[in-house]
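The values are calculated or read from the model by the stated rules, or taken from the named source; none is laboratory data. It should be emphasised that the depicted structure is a prediction, and the values quoted were computed from it without experimental measurement. Reconstructed Cβ throughout: ideal geometry from the backbone, glycine too, with neighbour counts over all protein chains shown.
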Amino acid sequence: MAACGSAEFASHDSGPLDQAEESSDPGRVDQSEGSNWTRFRGPNGSGVADDVGPLPTRFGPETNVVWTVPLPPGYSSPIVSGADLVITGVEEERLMTIALDRATGRERWRATIHAPRQEELDTRNHPASASPAVDDAGHVYVFFGDFGLVSYDAAGAERWRVPLGPFTNVYGMGASPLVAEGLVILVCDQQQGSFLLAVDSATGAVRWRTPRPEAKSGHSSPVLWTAEDGTRHVLVAGSFMVTGYDLLSGNRQWWVGGLPFEMKATPVLSGDTLFVQGYASPFNEADEQMVVEAWADTVEQHDHDGDGLISRDEFPHLRTRGYILYLDLDGDGAMNEEDWAYYRAAMASRNGMVAMRLGGAGDMTAQSLLWRYDRAVPQLTSPLLYQDVLYMINDGGIVTAFRPSTGELIDRQRLRGAVDDYYASPVAADGKVYFVGVSGKVAVAEVVAGGELQLTVVNDLGSPSAATPALAKGRLYVRTANALWAFGESMPSGSN
């Protein structure tokens, strides 16, 4: 852990608000209101908010706008810290964490660190992709792939920093941290050297670091599960499997297979059942899977220059030759035996929505897989479990609804007027489900009898959006390319 540094502050006014200003500002929202959206997708990554009051159905640049403020670019989602929203952004080499007053949008503080490097990113990723997390004291925890972990206090002063990386992830990093029992948990999956990390939330000291050698490509954020005996487990969806780790020790407890080799979605929980979807490539569809020859046979038939490697020109499968970028784990431009073993396993894995029972010891795949569904599976978005119905939305705007206990298909429909790419995950509250498309169109659907969705309206924000919205006390917070919007049908009690 590096020594604590000093944050750089800026605001729309002269500086961060002092305590007297906080208590006397009539636009402040009560600290106890809507304070459970404290990490990516809110409570335990579920995307569901309770007791938030009425939320808007129709909104846009001219409708139900409470406030809007400009932001530096980023894909991270806003999170709620008492009366504030916290969000990140990047401009050139400046990695910024920004706190805004929830009632007014006024900037309360801005802290900046300078990136020591620049990751090579997939076009669908961003240097400010991971969302912040906060604890009950208002301490903020932020991860940037170009730097590592950094923590600020509720006024924006830096508490500690933990440099991490550089990482070997061809897409760049994307998992968001969570905070529990005095620990900050972060998943760092990459092509080589993947690990799960826990640092002390007070000091930044590493409490444990557990290798994840099976994980080669992933961006899923972790969730927590409490077993019947009271032990808490960190659940991580990664390459090929979901793994449960003991929260306090980091020890690997059990795992369930059945996932594809690349994972982006964050799982959702219902009791001791976990739901997660994964999409790796078109060749991982149930009817498109390839049989890959053994390494010895491949070298014998295709290693024309006799160097014991398979180069791009020697790669025997034309359809997947371009995948060498993702399969060449050491980045030397050719496939060795380890790379080829990963390629075989990757092509044997399958896209799908999977339901599994949690707990046990060791490999629980045979006992724990409950059901799976293989059609219209999303690449990037996470599932949503709302009012006892499980939803997923794929890249083309097809929403599928399941009976979570059995996997029974309830409904499958295209969001008319919102056919789009979807990077943002759906969120729900107040009987409504919100789907944010990349073009900036937000489809709002209401849950009707039986769990089907009835599309109510498609709102157009007029600007691209890749970030998952946040929900808190009558407000919907949506990040677009260069701004953060607060929408609400009416102002919360006690606000301007």
Check: Could you say whether any residue in the range 323-335 is under 20 Å from Gly238 (Cβ atoms), in the same structural domain as Tyr75 (by TED's automatic domain parsing), out of contact with any Ser or Thr (no Cβ under 7 Å at 6 or more places or on another chain) and outside any strand (DSSP E or B)?
Finding: no
Next item on the list: Considering only the range 110-151, state which residues are surrounded by fewer than 24 Cβ atoms within 10 Å (Cβ to Cβ) and of a type in the set (Ser, Thr, Tyr).
Entry: Thr112, Thr123
Next item on the list: Go through Ala99, Ala115, Ala128, Ala137 for me and flag whichever is out of contact with any strand residue (DSSP E or B) (no Cβ under 8 Å at 6 or more places or on another chain), without any contact (Cβ under 8 Å) to a residue 60 or more places away in the chain and in the same structural domain as Ala180 (by TED's automatic domain parsing).
Entry: Ala137
Check: Which condition number in (1) under 25 Å from the mean Cα position of the chain (by Cα); (2) outside any loop (DSSP other than H, G, I, E, B) is the one that Pro260 fails?
Finding: (2)
Margin query: Every residue in the range 408-432 that is among the hydrophobic types (A, V, I, L, M, F, W, C) and more than 20 Å from Pro61 (Cα to Cα), please.
Written below: Leu409, Ile410, Leu415, Val419, Val427, Ala428, Ala429
Next item on the list: Would you be able to say whether some residue in the range 378-392 is surrounded by fewer than 15 Cβ atoms within 10 Å (Cβ to Cβ), free of Cβ contacts under 8 Å to residues at least 60 places away in the same chain and in a loop (DSSP other than H, G, I, E, B)?
Entry: no
Next item on the list: Filter the range 405-459 down to residues that are of a type in the set (D, E, K, R) and assigned to a loop (DSSP other than H, G, I, E, B) and give me whichever is surrounded by the fewest Cβ atoms within 10 Å (Cβ to Cβ).
Entry: Arg416
Checklist line | Top-ranked residue in the range 158-189 [being part of a strand (DSSP E or B) and of a type outside the set (A, V, I, L, M); ranked as farthest from Pro127 (Cα to Cα)] | finding: Arg159
Check: Do we have any residue at all in the range 148-157 that's assigned to a loop (DSSP other than H, G, I, E, B), of a type in the set (A, V, I, L, M, F, W, C) and modelled with pLDDT under 95?
Finding: no
Item checked: For Ala366: the one exception among (1) surrounded by fewer than 18 Cβ atoms within 10 Å (Cβ to Cβ); (2) part of a loop (DSSP other than H, G, I, E, B); (3) not charged (D, E, K, R) -> (2)
Next item on the list: Please indicate, with yes or no, whether at least one residue in the range 251-261 is free of Cβ contacts under 8 Å to residues at least 60 places away in the same chain and over 22 Å from Gly47 (Cα atoms).
Entry: yes
Notebook entry, point to check: Taking into account only those residues within the range 463-487 that are in contact with a strand residue (DSSP E or B) (Cβ under 7 Å, 6 or more places away or on another chain) and at pLDDT below 95, which is surrounded by the most Cβ atoms within 10 Å (Cβ to Cβ)?
Noted result: Ala472
Next item on the list: From Leu248, Leu224, Leu235, grab the single residue that is in a strand (DSSP E or B), surrounded by fewer than 19 Cβ atoms within 10 Å (Cβ to Cβ) and touching a residue at least 60 places away in the same chain (Cβ under 8 Å).
Entry: Leu224
Next item on the list: Answer yes or no as to whether Asp328 is among the acidic types (Asp, Glu) and either free of Cβ contacts under 8 Å to residues at least 60 places away in the same chain or crowded, with 16+ Cβ neighbours inside 10 Å (or both).
Entry: yes
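Here's the yes/no breakdown for (1) hydrophobic (A, V, I, L, M, F, W, C); (2) at pLDDT below 95; (3) outside the structural domain of Leu390 (by TED's automatic domain parsing); (4) surrounded by fewer than 20 Cβ atoms within 10 Å (Cβ to Cβ):
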position	(1), (2), (3), (4)
Ala2	yes, yes, yes, yes
Phe9	yes, yes, yes, yes
Gly34	no, yes, no, no
Val66	yes, no, no, no
Margin query: Being of a type outside the set (Gly, Ala, Ser) and assigned to a loop (DSSP other than H, G, I, E, B) is the filter here; which residues of the range 336-363 pass it?
Written below: Asn336, Arg350, Asn351, Leu358
Check: Using beta carbons and a limit of 8 Å, which pairs, at least six apart or on different chains, have the first residue in the range 41-52 and assigned by TED's automatic domain parsing to the domain that holds Ala472 and in a helix (DSSP H, G or I) and the second one among the aliphatic types (A, V, I, L, M) and surrounded by 22 or more Cβ atoms within 10 Å (Cβ to Cβ)?
Finding: Pro43/Ala49; Asn44/Val223; Gly45/Leu178; Gly45/Val223; Gly45/Val268
Checklist line | Single unsatisfied condition, Gly193 versus (1) touching a Phe, Trp or Tyr at 6+ places or on another chain (Cβ under 7 Å); (2) under 15 Å from Leu164 (Cα atoms) | finding: (1)
Note to self: Within the range 472-479, does at least one residue satisfy the condition of being charged (D, E, K, R) and within 16 Å of the chain's Cα centre (by Cα)?
What the structure shows: yes
Notebook entry, point to check: Would you pick out the residues in the range 273-321 that are within 28 Å of Gly352 (Cα to Cα), exposed (fewer than 11 other Cβ atoms within 10 Å of the Cβ) and not acidic (Asp, Glu)?
Noted result: Pro282, Val291, Leu318, Arg319
